[in-house]
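The values are calculated or read from the model by the stated rules, or taken from the named source; none is laboratory data. Being a predicted model, the structure only gives us computed values, none of them experimental. We place every Cβ from the backbone using ideal geometry, glycine too, and count neighbours over all the protein chains shown.
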Amino acid sequence: MESQYLAKVVQAVGAISGPFSFVFYDGYRQRVFYGRDRLGRRALLSGWDITGSFKISSVCDGTSSKHFEEVETDGIHMIDLASLFQNTDCNTAPSDVLRSILTVKRLNWRNEIPSNTEGDFIATYLPPINKSVFIREIPPLLQTNSPSIETLELKLRESLKLRLANIPEPPHYSSHYRSKVAVLFSGGLDCTILARLAHDILPIDEPIDLLNVAFENPRVIAAAAASTSKSTMTPLCTFETCPDRITGRLSHTELQNICPGRPWRFVAINIPYTETLNHREKVKRLMRPHNTEMDLSIACALYFASRGRGEITSDMDQHATIPYTTTARVLLSGLGADEIFAGYTRHATAFKRHGLQGLVDEIALDVGRLGKRNLGRDDRVICHWGREARYPYLDEDFLAWALACPIWEKCGFGALPPGSDSTPDIMKEPGATEESLEPGKRSLRLLAWKLGMENVAREKKRAIQFGSRTAKMESGRSKGTQILE
């Protein structure tokens with residue numbers, strides 16, 4: 001009976017695809033089940049508070065942040081309360097006694113269920129990464145007409161269609177300033193591709209909001225003032241010179257040029273330093289139990305971006321701006337592309353030191369850590385505003401396809417253009433032609449090029465905390481791993 005019972009739980013949870021977190025109480029058997037999806041896309045915390053109570057929640061309460069931790073994404077967790085009640089009187093037992101005897105059983109995720117187990121594993125198919133490499137030969141260089149680029153576009157469109165289907169009309173949905181979908185938009189490669197493909201999926205008259213956040217960073221302003229005898233930096237210039245604002249404006253213009261019929265709404269979200277300080281404690285509470293400087297920098301950027309309150313260009317006067325808050329409840333995020341398609345600097349370093357095998361091993365580590373990334377932190381911050389982040393690059397089917405692809409169909413490290421006897425690293429004018437696009441995330445760069453976005457295809461990777469200037473606001477010597485006070 002026990003094995004049949006767990007088998008039904010396994011079957012039910014294993015049938016779920018997509019992001020989720022849940023707590024379920026089976027009153028008949030007095031069992032508590034809780035967990036998150038394998039990639040950790042939704043928030044769920046567990047821990048003992050200061051009163052000795054065991055809690056499961058999507059957010060920390062104000063008294064127990066030091067005792068909470070993210071629920072692991074390695075399986076579904078189960079607490080047998082019936083067994084606990086048989087062993088002790090929970091009404092009179094001290095909390096430390098309860099803590100010592102509380103047992104949490106885990107039903108692990110597995111790609112395949114071993115034949116000799118009964119209900120202890122949940123099948124969820126994510127294949128192992130393809131570790132094929134060229135040992136003696138040079139891998140072929142991807143081109144826009146390569147079959148894998150066509151498949152990449154097809155798979156990404158399918159993932160995006162799922163995330164754009166059946167979105168209900170949001171509250172305060174007016175006939176003019178209406179938007180169901182927004183993009184967390186730095187103007188970088190990953191998010192701009194999503195915006196471009198969303199254009200092909202959504203009705204042509206439906207606006208797409210591009211949420212672009214920029215921060216006033218007093219350290220950057222002080223450095224700029226010190227470099228000139230007379231500072232010319234105006235308050236508006238402070239925001240417009242942020243790296244993500246610059247790339248955001250350029251990519252927005254490129255989208256307008258290639259998709260002229262779409263109402264693209266660039267939402268310039270400008271955050272003065274005083275406003276950052278006013279909201280800092282709230283952001284710290286939302287991101288708990290994470291507590292480093294880097295956590296705060298990233299969480300602040302997502303917090304204000306997902307609030308969606310900024311300025312847009314007036315329809316009546318292209319030189320004037322008006323206040324605007326997005327009505328979109330669905331926010332598209334490009335997270336996951338760097339891990340899958342070798343977009344980080346460490347991937348280039350791994351290739352330089354250990355060749356293609358070292359690169360594949362580094363990507364395998366990144367993919368293996370996806371479930372342990374800080375998506376729970378991001379979910380708590382974004383959901384505070386009643387919005388939901390959706391991650392097309394982390395769709396299970398898309399990820400399974402990408403993992404099965406050989407490394408040379410995802411990036412261009414070690415590859416040579418046809419008829420060339422020199423490496424891309426020493427080519428003149430990198431990015432001037434399709435062949436000379438940089439190797440990191442080459443498949444996505446070629447897709448952007450194919451879709452008409454040549455400038456976007458050349459964009460380099462930049463972390464959100466540096467692009468929006470939330471990092472190192474007070475001191476240039478602070479480290480991302482530094483614990484907050």
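What to note about this one:
- Screening residue 362 against (1) in contact (Cβ under 8 Å) with a residue 12 or more places away in the chain; (2) within 27 Å of residue 239 (Cβ to Cβ) leaves a single unmet condition, (2).
- Of all residues in segment 232-243, those that are in a loop (DSSP other than H, G, I, E, B) have Cβ atoms under 8 Å from Cβ atoms of residues that are at pLDDT 80 or above, 6 or more apart or on another chain, in 233/241; 242/214; 242/215.
- Those residues of segment 330-350 which are assigned to a helix (DSSP H, G or I) and in contact (Cβ under 8 Å) with a residue 40 or more places away in the chain, in sequence order: 337, 338, 340, 341, 345, 347, 348
- Inter-residue pairs, beta-carbon under 7 Å, first free of Cβ contacts under 8 Å to residues at least 24 places away in the same chain and assigned by TED's automatic domain parsing to the domain that holds residue 335 and in segment 286-300, second surrounded by 24 or more Cβ atoms within 10 Å (Cβ to Cβ) and part of a loop (DSSP other than H, G, I, E, B), 6+ apart: none
- Comparison of 457, 415 shows that the only residue that is surrounded by 18 or more Cβ atoms within 10 Å (Cβ to Cβ), in contact with a helix residue (DSSP H, G or I) (Cβ under 9 Å, 6 or more places away or on another chain) and at pLDDT 95 or above is 457.
- Within segment 1-60, being within 22 Å of residue 287 (Cβ to Cβ), without any contact (Cβ under 8 Å) to a residue 60 or more places away in the chain and charged (D, E, K, R) holds for 37, 49, 55.
- Some residue of segment 319-328 being of a type outside the set (S, T, N, Q), touching a strand residue (DSSP E or B) at 6+ places or on another chain (Cβ under 9 Å) and surrounded by 24 or more Cβ atoms within 10 Å (Cβ to Cβ): yes
- Members of segment 291-306 that are under 19 Å from residue 184 (Cβ atoms) and surrounded by fewer than 20 Cβ atoms within 10 Å (Cβ to Cβ): 294
- Subset of segment 356-382 that is over 22 Å from residue 395 (Cβ atoms) and among the acidic types (Asp, Glu) - its residue that is surrounded by the most Cβ atoms within 10 Å (Cβ to Cβ): 362
- Test: residue in segment 303-311 that is farther than 23 Å from residue 170 by Cβ and either among the hydrophobic types (A, V, I, L, M, F, W, C) or modelled with pLDDT of 95 or more (or both): no
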